[in-house]
């Protein structure tokens, strides 16, 4: 059973959100036409990143806890991770928007983003030799700069969902790093751990959710602006 550990973690991560996606209230399944393209693009980006981080020995996967099926140097469970976690987090995002209409953080979101950009940039400046730290934090800072310049209206809702999603994310990552299913080369990160989790993983989570949210809102907006054509009588 040990070889199914990562697979089971993915399964239980998505199980509850998937079951509730078809409930009568939130009806998350109605968002699939915007969600799936967003997830596909984000997954492609992260798989490429993940591939190179693996072959550069920034992190690795314990063969004891995966099924042994690999695609592009990554266990199949790692591919499934980028389906299970984004799906679950976007379910949280949509659910929070449904139950809590008022966006209390929107007025602070620009300052939050600006603060994060400054902090991430400073950390990168002093840790350019650490691949995980430098690359992930740089990409996150660039994404946040894009968001600030674009003046997106949903960042308050995003930060709310991000804070909530950190709870299950750290449970999942806690299992992955404590067992350990995923092992890290501390020469390529800050060496600061939240329990057994590298602190960079919290920014990893931020970028993954932010990309999914941005693309999701983009595709949803495009669909909402498509007006059905009227019927024509001969």
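Each value in this text was obtained by applying a stated rule to the coordinates, not by laboratory testing. Note that this is a predicted model, so its numbers are computed, not measured. Methodologically, a virtual Cβ is constructed for each residue, glycine included, from the backbone with ideal geometry; neighbour enumeration extends over all protein chains shown.
So which residues in region 57-100 are surrounded by fewer than 21 Cβ atoms within 10 Å (Cβ to Cβ), assigned to a strand (DSSP E or B) and touching a residue at least 12 places away in the same chain (Cβ under 8 Å), if there are any at all?
The answer is 59, 60, 61, 74.
Mind listing whichever residues of region 12-42 are assigned to a loop (DSSP other than H, G, I, E, B) and either in contact with a strand residue (DSSP E or B) (Cβ under 7 Å, 6 or more places away or on another chain) or in contact (Cβ under 8 Å) with a residue 60 or more places away in the chain (or both)? Spell out how you get there, then give the answer.
So in region 12-42, the residues assigned to a loop (DSSP other than H, G, I, E, B) come out as 21-27.
Matches in region 12-42: 21, 25, 26.
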